[in-house]
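The values are calculated or read from the model by the stated rules, or taken from the named source; none is laboratory data. In this text the structure is predicted, and so the values were computed from the model without any measurement. All Cβ positions, even for glycine, are placed from backbone atoms using ideal geometry, and neighbour counts span all protein chains on display.
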Amino acid sequence: MTQIPQNVVEPPAEEPGALARGVPGRPLSPLSIAWRNLRKHRLAMVALVVLIIMYLAMLCDGFVAPYPYNAWDRQQAYHPAWNLHVVDAEGRFHLRPFVYVSHYEFDPYRNRIWREDTSRAYPLKLLVRGQTGTMLFGLLKTGVHLYGVQAPARLYLLGADWQGRDILSRIIFGGRVSLTIGIVGTAIAMIIGMIVGGISGYVGGAGDTVLQRICELIMLIPGFYTLMILYNTLPASLTSMQVYFGVVVILAFISWASLARVIRGMVLSVKSSDFVMAARAGGSSPWRVVTRHVLPSTFSYAIVAASLQIPAYILGEAGLSVIGMGVQEPAPTWGNMLQQAKSVTEMTFHPWLLWPGVAIFLTVMAFNFLGDGLRDALDPRTVGLKKE
Amino acid sequence: MPKAITRALTVLSIVAVLVILWVILRSQTFGAGGVRPEVAGTVPAADYKPIVGTYGGRFVRATVSPPKSFNPVTSAETSTTEYTGYMYLGLTKTNPWTAEVQPELALSWTPDESGLVWTVKLRPGVVWSDGVPFTADDVLFTYDTTYNPKVSSSMRGIISGPKGERWKLEKVDDLTVRFTLFDRNAIFPLLIADSIIPKHTLEAVVKAGRFNEALGTSSSPDEMPVTGPFMFDNYDGSRVILKRNPHFYRLDAAGNRLPYLDEIVTIIVPDIDVQTLKFTSGETDILESVSGKDYPNIVRPREERTKKRPMQTAASRPTGSDFTVYRLGPSFGESFLVLNQNTGTNPKTHQPYVDPRKLAWFRDVRFRQAMSYLMDRKFMADGIYNGLSYPQYGPMSAHPDLPLAEANTVRFEYNLAKARALLAEMGLQDRNGDGWLEDANGLPVEFNLTTNVENEPRAKVAATMAQDMQKVGIHVNFRAMSFNTLITKLDYTYDWEACVMSLTGGPEPAWGADVWKSSGRLHMWFPRQPKPSTKWEVKKDKFFRLFHLWYPLQKKPSTKWEAEIDECFDKGIAELDPVKRKAIYARWQEIIAEQQPFIYTVTPENLMALRNRFGNVFPAPLGGVLHNIEEIYVKQGGSASQAAAQGQR
Amino acid sequence: MGAYIIRRILIALGMLIGASLLGFGVMKLTPGTYFDLLKMNPRISQEHVDQQIARYGLNQPVYVQYLRWLDNLLPFGFKPTESGSYLWVEESPAAGRPAQAPPEDEEEESPPAASEPAEAATQPTQPATLETQPATQTAQATPPAAGAATLAASAPPAGQPAMAKHKFNWPRFKWPNLGESFEHQEPVWDVITRPMLNTLLLNLVAIALTWLVALPLGIYAALNQHKLGDLVLSAISFVGMSLPGFFMALILLWLFAGMSNFLPPGGLRSATYDQMTGWHKLLDVAWHLIIPAIVLTIGGLAGLQRITRGNMLEVLRQQYVTTARAKGLPENRVIYRHALRNAINPLITIFGYELAALFSGAALLEIVLDYPGMGQLMFTAIVSKDEPLVMAGFMLGAILLLLGNLVADLLLAVADPRISYS
């Protein structure tokens, strides 16, 4: 059999501590070297900051979003984006932006004609009390929102959907699914991949053959078809939380095999390296050798692979949701929000429904940049090559 | 510093993309100017006066799914009937305005005094498209085939009695058939509207036992002679082409043989959105079943296109807005909420299908009425269909023109307070001040609501009602599931609680016997009852005993209503006097409106759009735009090729 | 080399059987059948639905259904009837018997020795379920005398003795087939050929475009490293890599079809396609291909361009390039004769993987853009549980993946003399 060439990082050939060559004084830990390298990669740092902001917003979603995700207002269906004003009806400028209460009527062609009631302005306020939402994955309740307007008026920075729900709030809440699915999924795939790859590579023999065949089988099945078929097998009575985990497991199921194969290859090469030989000769149990010596040396690959795989999970979930296979309404995910925008009429008349796509785009790009930076930062070959 | 530049450029391009997206995503951005298409309604029946048209032209329509077969006996799905409806005529047809039964291949049908024997006189002079005359033998053959146990006929169950009784057909002469029925059947004239198939080509096929595969999509046109205005020409996987039947029996006022059109081309476009785009871009001539949601897009102003696209041929290519949108009144695809009232137990696990606590609510008419009060039909119309739909309160109320339509006396308009009051009367109220309802034992009021994922408007209707249920304090868990899963629950396992569905409806209630009679398999709230469930209040169940405290207090136990519905349908089908029939079905409607086994929501408006280049278009509320397809022609002043085609005739 | 290929193919066959088991098993986890769709129509009787279910054997145990499917695929067949026995058949045709007594109902004699597990496993078929469906049984079952001919093609020869007699059923050659689609009621192969060709067309166009654009751009970027062009390209490729295909498709659809009618909204052909002349037909198809091909190209472009650039840079750093330069060869010759060849070698494997993704790679895009290809077909088939069709698409995808991997490895061996297989 051949080793299919993979466009991956090769495992460090030496003990990680030795990497800090060219640095005078005490040897740096691999992590701090990586961090130092990463900091030089400015785009990756920007991406990291963007991601941190996104994850913070997602964790504090009930606080950051002006409305809970299911806060409907049927009078405000399809409210257009951005109703914040600084110039009032009389043409006076206000430093503090404000909104008007608005309502719509159908014209004969069933377009919504929006009119604003300019008699009273509702200024934008920070730390405003509003509808109670949840944050930290629903663990905490909060009635206070970072910003918002007073009750009869509603703030629609990115417009509203068919039930008058704020798209921006839903995007922020949608992060609960879309931002975590990659991490959870990669973690699952990584655990399976490490176990299978580790066993396969370290034990070898018949076990290796069987495991490799299983991996090949998983890699053989056409991904997207399998996703669709597997989604259809999820029982109907699941809650949206369970569907979420179902989707994660499905996504992990089709992607663990390639990880396992690569890790096996790395374990094979690490197994014969000096420090593992030394550990074995020192009488360490195989379990200890694998967990203490072999697997840790695959970690740098694992981290890079994870950051590069996360976008695939985000896209996989969104892709499935766009065609109606995923976490269902009213729980928001970026994919199922985009599903509403899929119809050309919706796109033409309510283009603000496409915003979740922008969120996907930004997240995926941030992860791509971060992954790129991490790859450079953790790649032992580039450490030496980098010019100071 | 190239690194800096690459960073700057990347950031710039991201910013540029975002700014562009911001500008275009902020608001409605389609261009002003251009012309809007016309909007029209239906034409009164009295104005139906077709004029003499001109020959030639093709008519392009789109459909969702490919045809599986052109066999009108074995397939009753839309994907078959949308073609066979043009190809095979029945003995009768329904009037597109009034739903009255009209002659087609039969000229008359008269019952004898018993109502069991019907004499059907056939139309003389009708020939199949291969020139063979149509006779009584074809009618006999069609019904023989339908009753043939080797043929997987979709109609057989409907025209057979409960013990397998069959209609007996006798040929009196070449143009007279005598039907002897096994019971009185008021809708007999409707039942014989089904397609008549040719004996001379299919007899051998039936004998060889291959009828189920006959008239398939790969059959050759020669194998399928027809009586209808169009005959099969070609199917290549993406387009079905029907061509003009030169032997169609009808003539126009000037004595020309109909139909006028040369071809009906049906292209298969699975996505409704793409169908819409194909219509507005001029590729297709008709847009059937427009959703109210897409209405603003269809009537939006469009620029007249002057430039030809490179691949356009001389064949007519209409420009932007040369079409008319027809608003045809309520359709028959209403969505309703149904609550599971099945008192049975699962034979395997000996568990009741429905939690007895919930079953008691679902079987309580006050609960169902409260649910009906929770239907925000106004928002369902506005938010889902852009206001283009009609509120519905009973099984037949939406369409004003139906012969059996009857204004329902009871209407449960959206009213949260009344819903709360009814629930409180049942003992379901907020007992601990948390905003959610509890029953007498302090247990929360909760149930699962479901619908199928595939139908977006229906899912939105369900989502809307779920919100209102939550608003009055019912913990309702809404989750849409796939159609197959849902049907399995409704049809086999019965382990569902509440569900939003719709059924293929029609102007004739008797068709719905399977839905309304308690023994029916589509009697969704409690299908296949051996007897109408009248015993349920006596059921000695430990949960039920708790409720006995208030059960006797109920004003009207109304346990017999299902039996009464059964009676309505049994009497209705046997009653040949239209006035009495109407009274019978009015009673049925009253019961349904009062008992709310199906809690109706809204009926979308039937919308169609058709190019203006066609003449003799008389939109009818029931028949739509194409009910007189044989008379529709391409108006003069079409493209050069059509003029040439007309010159050749 | 030959032995290697044969070994690979043998392994592949085993893998395919595994994949089919996996696919079939997973699909059977969901309740319901395709024919549930018919049940919501009051005009279709229950009997009709039951007949359809029995006709396709959906009332039989899952393993029987799987074996039925597998049996269709084999080039030789044991299965002339739908009766329980595969090895032994009753030599008595259905003709002349009353419909209430199908020929299968008494036939429960076990074969003396079930030599193959497959046949043994199919023995216990329930006559009870079969009995209720005499019509379809007789209509569908081909009499044993006709061997393994296609189902519909043979009528029972009249006048045979009604006495039952068991006879060993020799496997006979038959054309492998993929079964019959529930939805289309046609052989699966007939259903999928056209979508398959459409998908191939789209993907080949996209692959060609991708390579034609990405290779020159990658080379250009490598040769002009850190210059403006390179930087613009890498910026664009980052954006292109991160823009989800379906989102890009939606935006393009909205801009060019929804708002301006400039491009067709989906599909592959206009309604007036067959009135066109040859040249116009080609243009028409090309016109419809623009949006999906652009989306696919942009999706693949970014990655390929970056890899080309990386490889090229790597190669340009190699000593032999320096040597070539030192020898005084003209720069063009150095780059295009020495460097490029070695830079492209690793890309050849990518080509193999692209081949592998030929069928299922653009599935989501096809669904979103309503392109009449395999993705679209599979989506509807999966949702409606049209199992034979799903299995066919699934297996074709798997076969292509296998082939793609094999081709990738072989191409690599061809391109890189250092690699050899034994």
Output yes when any residue across the range A:186-206 is within 14 Å of another protein chain (Cβ to nearest Cβ) and assigned to a helix (DSSP H, G or I), and no when none is.
-> no
In the set B:Leu622, B:Leu610, the lone residue that is closer than 26 Å to B:Trp97 by Cα, outside any strand (DSSP E or B) and among the hydrophobic types (A, V, I, L, M, F, W, C) is B:Leu622
Which one is surrounded by the most Cβ atoms within 10 Å (Cβ to Cβ), of the residues in the range C:12-69 that are more than 10 Å from every other protein chain (Cβ to nearest Cβ) and in contact with a Gly (Cβ under 9 Å, 6 or more places away or on another chain)?
-> C:Tyr56
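In the range B:165-176, what count of residues is obtained for those that are in contact with a Lys or Arg (Cβ under 6 Å, 6 or more places away or on another chain) and either surrounded by 19 or more Cβ atoms within 10 Å (Cβ to Cβ) or among the polar types (S, T, N, Q) (or both)?
1
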Report whether or not B:Thr63 is touching a helix residue (DSSP H, G or I) at 6+ places or on another chain (Cβ under 7 Å), within 14 Å of chain C (Cβ to nearest Cβ) and more than 27 Å from B:Gly209 (Cα to Cα).
-> yes
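Rundown of residues vs (1) surrounded by 15 or more Cβ atoms within 10 Å (Cβ to Cβ); (2) closer than 30 Å to C:Trp254 by Cα; (3) over 26 Å from the mean Cα position of the chain (by Cα); (4) not assigned by TED's automatic domain parsing to the domain that holds B:Lys168, yes/no style:
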residue: B:Val60; (1), (2), (3), (4): yes, yes, no, yes
residue: B:Ser79; (1), (2), (3), (4): yes, yes, no, no
residue: B:Met87; (1), (2), (3), (4): yes, no, no, no
residue: B:Thr92; (1), (2), (3), (4): yes, no, no, no
residue: B:Val101; (1), (2), (3), (4): yes, no, no, no
residue: B:Leu105; (1), (2), (3), (4): yes, no, no, no
residue: B:Glu113; (1), (2), (3), (4): no, no, yes, no
residue: B:Val120; (1), (2), (3), (4): yes, no, yes, no
residue: B:Val127; (1), (2), (3), (4): yes, no, yes, no
Read through the list (1) surrounded by 20 or more Cβ atoms within 10 Å (Cβ to Cβ); (2) away from chain C (no Cβ under 14 Å), then give the number of the only condition that B:Trp496 fails.
-> (2)
Count, please, the residues in the range C:271-313 that happen to be within 30 Å of B:Leu277 (Cα to Cα) and of a type in the set (Gly, Ala, Ser).
-> 6
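With respect to A:Gly138, determine if the residue is away from chain B (no Cβ under 14 Å), without any contact (Cβ under 8 Å) to a residue 40 or more places away in the chain and in a loop (DSSP other than H, G, I, E, B).
yes
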Kindly provide the set of residues from the range B:267-284 that are closer than 30 Å to B:Trp128 by Cα and more than 9 Å from chain C (Cβ to nearest Cβ), ordered by number.
-> none
Being touching a Ser or Thr at 6+ places or on another chain (Cβ under 8 Å) and more than 13 Å from chain B (Cβ to nearest Cβ) is the filter; apply it to the range C:286-302 and report the residue that is surrounded by the fewest Cβ atoms within 10 Å (Cβ to Cβ).
-> C:Thr297
Here the qualifying pairs (Cβ atoms under 6 Å; residues six or more apart or on different chains; first in the range B:439-460 and within 13 Å of chain A (Cβ to nearest Cβ) and buried (at least 21 other Cβ atoms within 10 Å of the Cβ); second hydroxyl-bearing (Ser, Thr, Tyr) and in a loop (DSSP other than H, G, I, E, B)) come out as B:Val453/B:Ser482
Within the range A:246-288, the count of residues that are touching a residue at least 24 places away in the same chain (Cβ under 8 Å) and either touching a Cys at 6+ places or on another chain (Cβ under 8 Å) or not aliphatic (A, V, I, L, M) (or both) comes to 14
Only one of A:Ala302, A:Ala312 that is in contact (Cβ under 8 Å) with a residue 24 or more places away in the chain and within 14 Å of another protein chain (Cβ to nearest Cβ) | A:Ala312
Of all residues in the range B:329-369, which are part of a strand (DSSP E or B), modelled with pLDDT under 90 and away from chain C (no Cβ under 14 Å)?
-> B:Gly329, B:Pro330, B:Thr345, B:Pro352
Please enumerate the residues belonging to the range B:451-462 that are at pLDDT 90 or above and farther than 19 Å from B:Asp294 by Cβ.
-> B:Ala462
Go over the candidates A:Ala71, A:Ala47, A:Ala81 one by one and state the one that is assigned to a helix (DSSP H, G or I), touching a Gly at 6+ places or on another chain (Cβ under 9 Å) and not aromatic (Phe, Trp, Tyr).
-> A:Ala47
All but one of (1) at pLDDT 85 or above; (2) under 30 Å from B:Phe478 (Cα atoms); (3) touching a helix residue (DSSP H, G or I) at 6+ places or on another chain (Cβ under 8 Å) hold for A:Ile218, so report the exception by its number.
-> (2)
Counted residues in the range B:190-213 being surrounded by fewer than 23 Cβ atoms within 10 Å (Cβ to Cβ) and not hydroxyl-bearing (Ser, Thr, Tyr) come to 15
Selection within the range C:365-374 - facing another protein chain (nearest Cβ under 7 Å) and in a helix (DSSP H, G or I) | C:Ile367, C:Val368
If we keep just the residues of the range B:152-164 that are more than 7 Å from chain C (Cβ to nearest Cβ), crowded, with 17+ Cβ neighbours inside 10 Å and not hydroxyl-bearing (Ser, Thr, Tyr), which is nearest to the chain's Cα centre (by Cα)?
-> B:Met155
Out of all the residues in the range B:581-588, is one or more more than 30 Å from B:Ala462 (Cα to Cα) and free of Cβ contacts under 8 Å to residues at least 24 places away in the same chain?
-> yes
Residue count, the range B:214-225, condition part of a loop (DSSP other than H, G, I, E, B) and surrounded by fewer than 19 Cβ atoms within 10 Å (Cβ to Cβ), comes to 3
B:Val269: passes all of (1) closer than 18 Å to B:Val132 by Cα; (2) touching a strand residue (DSSP E or B) at 6+ places or on another chain (Cβ under 6 Å) but (1)
Total residues in the range A:336-354, condition closer than 23 Å to C:Asp370 by Cβ and more than 9 Å from chain C (Cβ to nearest Cβ) = 9
Regarding C:Leu411, is this residue on the phi < 0 side of the Ramachandran plot and either more than 10 Å from chain A (Cβ to nearest Cβ) or surrounded by fewer than 16 Cβ atoms within 10 Å (Cβ to Cβ) (or both)?
-> yes
In the range B:156-176, the residues that are within 12 Å of B:Leu122 (Cβ to Cβ) and either part of a loop (DSSP other than H, G, I, E, B) or not charged (D, E, K, R) (or both) | B:Val172, B:Asp174, B:Leu175, B:Thr176
